[in-house]
Amino acid sequence: MSALWIALVVWLALWALNVWLAKGAVSRTRMGKALVPLLFGVAVLVLWEGLVRGLDISFVILPPPSAIAAKIATSLPVLWQDAAQTILKGAIPGFLIGCGAGVLVAILIDRSPFLQRGLLPIGNFVAALPIVGLAPILVMWFGFDWQSKAAVVVAMVFFPMLVNTVAGLQASERMQRDLMATWGASYTQTLVKLRLPAAMPFIFNGLKIASTLALIGAIVAEFFGSPVYGMGFRISTEVGRLGLDMVWAEIAVAALAGSLLYGIVSLIERWVTFWHPSQRH
C-alpha cells in the first residue's frame, strides 16, 4: 500500500502545481501551454502506476506504465514493423484517397441541387453505419492486403470530409459571389479564388477529424484480415495470449502516431488559414 500512498501524494502535488500554472500568467506563454498538459499526463501515469502496484492488480488485467514502457523498449523492431504496415500501407493511402474524393464530390454536389438533396441524406445514412459491420465486408471484397484497410479508412473519412467541404463552399457571402459575377468571373475562377479559400477552415476541420478516424479504421480492418503483422493484428493476437503489456504498447504507439498526424494537419492549417480569426492569438 505504500506505493499507493506515494502515488497519491505525488499526484495531488502535481495536480496542485498544474492548477496553479493553469491559472497563472505562465499558462499564456508557449512553454506554459506545453507544460500544463505534460504535467497532467505525468500525474495520470503516476496515479496509474501507484494504483496497480498498491492494490496488487494483476498485470494481465492492467499492466502499469513502467511495464508498458519496458515492453516498448524491448519490442521496438516489432512495433515499427506493425506501425509501418498499418499507417503507411493502410491509414495514409485511405486518408488521402478518402479526403480527396470527399472534396471532389463536394464540388460536384455544390454545382447540382439534385445531388445536394439526394446524395447528402444517403451520405449521412452511410456515415451512421457501424464500421465494425462494414470492415469484414470490405475485407472480403478487397482481400487481406493494404487495399482492404485503405477501403475501410476511405469509408470512415469520406463523409466527414464531404459534409465539411459542402458547408465550407457555402461559407462565402452572397455579396462576394455577386461581386465576382460582376467582374465576369467564371464558376472555376470563383471557386478557386473565392469559395475554396473561404472553405479552408471547414476543409481543415474535416481533415483533422479524418486524421483521427484514419488510424482507427486501419486498425479495425486488421482485426478481420491482415498479414502476419500490423497493429490491429498484433492487438487481437496478444489479447488471446493475455499479453496485455504488448497490447498497451501498440495502443501507445497508435496514440502517438495519431497525435502526430493531427499535429501535422493543424500546422498546415495555421499556415494556410492564417487570415482566419481562429488563428489570431
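Let's see how each residue does on (1) touching a Gly at 6+ places or on another chain (Cβ under 7 Å); (2) in the same structural domain as Phe224 (by TED's automatic domain parsing); (3) more than 15 Å from Glu222 (Cα to Cα):
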{"residue": "Ile97", "(1), (2), (3)": "no, yes, yes"}
{"residue": "Phe125", "(1), (2), (3)": "no, yes, yes"}
{"residue": "Pro130", "(1), (2), (3)": "no, yes, yes"}
{"residue": "Ala150", "(1), (2), (3)": "yes, yes, no"}
{"residue": "Met156", "(1), (2), (3)": "yes, yes, no"}
{"residue": "Phe159", "(1), (2), (3)": "yes, yes, yes"}
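Of the residues Ala221, Ala252, only one is surrounded by fewer than 19 Cβ atoms within 10 Å (Cβ to Cβ), among the aliphatic types (A, V, I, L, M) and outside any loop (DSSP other than H, G, I, E, B); which? Unique residue meeting the criteria: Ala252. Residues in the range 224-247 that are touching a residue at least 24 places away in the same chain (Cβ under 8 Å) and either surrounded by 17 or more Cβ atoms within 10 Å (Cβ to Cβ) or under 12 Å from Val78 (Cβ atoms) (or both): Phe224, Gly225, Ser226, Tyr229, Gly230, Met231, Gly232, Phe233, Arg234, Leu244, Asp245, Met246.
Selection of first residues in the range 133-159 that are acidic (Asp, Glu) and of second residues that are modelled with pLDDT under 85 and in a loop (DSSP other than H, G, I, E, B), restricted to Cβ pairs under 8 Å at least 6 apart or on distinct chains, gives the following pairs, ordered by first then second residue: Asp145/Pro227.
Looking at Leu119, Leu115, Leu134, Leu162, can you tell me which residue is modelled with pLDDT of 80 or more and in a helix (DSSP H, G or I)?
Step by step, each of Leu119, Leu115, Leu134, Leu162 is checked, and only Leu162 is modelled with pLDDT of 80 or more and in a helix (DSSP H, G or I).
Listed conditions (1) more than 13 Å from Val163 (Cα to Cα); (2) surrounded by fewer than 12 Cβ atoms within 10 Å (Cβ to Cβ) are all met by Pro121, apart from (1).
What do you reckon, is Ser211 of a type in the set (Gly, Ala, Ser), more than 19 Å from the chain's Cα centre (by Cα) and assigned to a helix (DSSP H, G or I)? No: the conditions fail for Ser211. Restricted to the range 45-66, and to residues there that are out of contact with any Ser or Thr (no Cβ under 8 Å at 6 or more places or on another chain) and of a type in the set (D, E, K, R), the residue that is nearest to Ala252 (Cα to Cα) is Arg53. The residue pairs whose first member lies in the range 165-182 and is at pLDDT 75 or above, whose second member is of a type in the set (D, E, K, R), and whose beta carbons are closer than 7 Å, counting only pairs six or more residues apart or on different chains, are Val166/Asp110; Leu169/Asp110; Leu169/Arg195.
There is at least one residue in the range 81-91 that is surrounded by fewer than 18 Cβ atoms within 10 Å (Cβ to Cβ), touching a residue at least 60 places away in the same chain (Cβ under 8 Å) and part of a helix (DSSP H, G or I). When the range 19-66 is filtered for residues that are at pLDDT 70 or above, among the polar types (S, T, N, Q) and part of a helix (DSSP H, G or I), only Ser66 remains.
The values are calculated or read from the model by the stated rules, or taken from the named source; none is laboratory data. Bear in mind that the values here come from a model prediction, so they are computed numbers and not experimental data. Quick reminder, even Gly has a Cβ in these numbers, built from the backbone with ideal geometry, and neighbours come from all protein chains shown.
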